[in-house]
Amino acid sequence: MKSLDGTGLKRLHRDWRRRTAGRLALILDSVQTPYNVGAILRTAAAYRVEHLWLVGATESPDHAKTRKTSLGAERYVPWTAVDSPTAAVDAAHAAGYRVVGIELADEAQPLHEVDLAGAICLAVGHEDRGLSAALLAACDAVGYLPMLGKIGSLNVATATSIACYEVRRQEWTST
């Protein structure tokens with residue numbers, strides 16, 4: 001076994017793009033740390049996220065520290081800053097998405113048990129406080145990432161990466 005060369009990587013990625021028709025978007029609800037926003041942008045570009053809605057105190061993709069982490073990925077993901085969580089959810093619904101919050105909430109289901117078929121917009125929240133009450137109430141479904149160790153939660157960028165992968169994994173394994 002050997003690592004793929006440039007041509008091999010292009011073929012591999014082209015094959016996965018062909019197998020992926022589902023639509024995916026993100027709502028960032030007051031994700032304040034520019035490094036987290038940058039890491040989320042990089043994940044969004046890698047998993048073909050179609051749009052980001054930025055709510056509240058979410059740092060701009062144009063911020064220098066965000067760009068440092070995203071390594072140019074911000075040019076591949078269109079984004080819109082909105083005034084309120086409700087406006088973000090309304091915009092996602094208008095674009096045909098079902099909004100799934102990623103949150104440790106009392107009625108949340110393990111994310112792998114949530115139906116993530118169709119057009120999905122994942123909503124992630126502030127590094128410490130999570131999703132705002134308004135956004136959590138507006139979600140069509142809420143899922144969480146089960147934790148097994150002594151740490152009860154993940155960094156928001158890490159959690160977003162895992163959630164994006166789960167959306168794609170469900171699509172890939174259902175065909």
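The values are calculated or read from the model by the stated rules, or taken from the named source; none is laboratory data. For clarity, every value in this text was computed on a predicted model and none was experimentally measured. Cβ coordinates were reconstructed from backbone atoms using ideal geometry, including for glycine residues, and neighbour counts include every protein chain displayed.
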Item checked: Single residue of Val124, Val114 found to be closer than 25 Å to Glu171 by Cα, in contact with an Asp or Glu (Cβ under 8 Å, 6 or more places away or on another chain) and at pLDDT 95 or above -> Val124
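For region 1-98, which fully contained helices (runs of 4 or more DSSP H) count at least 2 residues that are surrounded by 15 or more Cβ atoms within 10 Å (Cβ to Cβ), of a type in the set (Val, Ile, Thr) and touching a helix residue (DSSP H, G or I) at 6+ places or on another chain (Cβ under 9 Å)?
Numbers: elements: 6-18, 34-46, 64-70, 85-94.
In region 1-98, 34-46, 64-70, 85-94 are the helices (runs of 4 or more DSSP H) which contain 2 or more residues that are surrounded by 15 or more Cβ atoms within 10 Å (Cβ to Cβ), of a type in the set (Val, Ile, Thr) and touching a helix residue (DSSP H, G or I) at 6+ places or on another chain (Cβ under 9 Å).
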Notebook entry, point to check: within 28 Å of Arg18 (Cβ to Cβ), out of contact with any Gly (no Cβ under 8 Å at 6 or more places or on another chain) and not hydroxyl-bearing (Ser, Thr, Tyr): does that describe Ala119?
Noted result: no
Notebook entry, point to check: Do the conditions hold for Ala105, that is, is it over 21 Å from Gln32 (Cβ atoms) and part of a loop (DSSP other than H, G, I, E, B)?
Noted result: no
Notebook entry, point to check: Do any residues in region 5-29 that are modelled with pLDDT of 90 or more have Cβ atoms under 8 Å from those of residues that are polar (S, T, N, Q) and part of a helix (DSSP H, G or I), where the two are at least six apart or on different chains, and which pairs are they?
Noted result: Leu26/Thr160
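Considering only region 137-175, how many residues are assigned to a loop (DSSP other than H, G, I, E, B) and either surrounded by 14 or more Cβ atoms within 10 Å (Cβ to Cβ) or among the charged types (D, E, K, R) (or both)? Lay out the reasoning, then the answer.
Residues of region 137-175 assigned to a loop (DSSP other than H, G, I, E, B): 139-140, 145-155, 175.
In the following step, the residues that additionally are either surrounded by 14 or more Cβ atoms within 10 Å (Cβ to Cβ) or among the charged types (D, E, K, R) (or both) were identified as 139-140, 145, 150, 153-154.
Of the residues in that region, 6 qualify.
Quick one: is Ile102 closer than 16 Å to Leu136 by Cα and touching a residue at least 12 places away in the same chain (Cβ under 8 Å)?
Values: closer than 16 Å to Leu136 by Cα: yes; touching a residue at least 12 places away in the same chain (Cβ under 8 Å): yes.
Spelling it out, Ile102 is indeed closer than 16 Å to Leu136 by Cα and touching a residue at least 12 places away in the same chain (Cβ under 8 Å).
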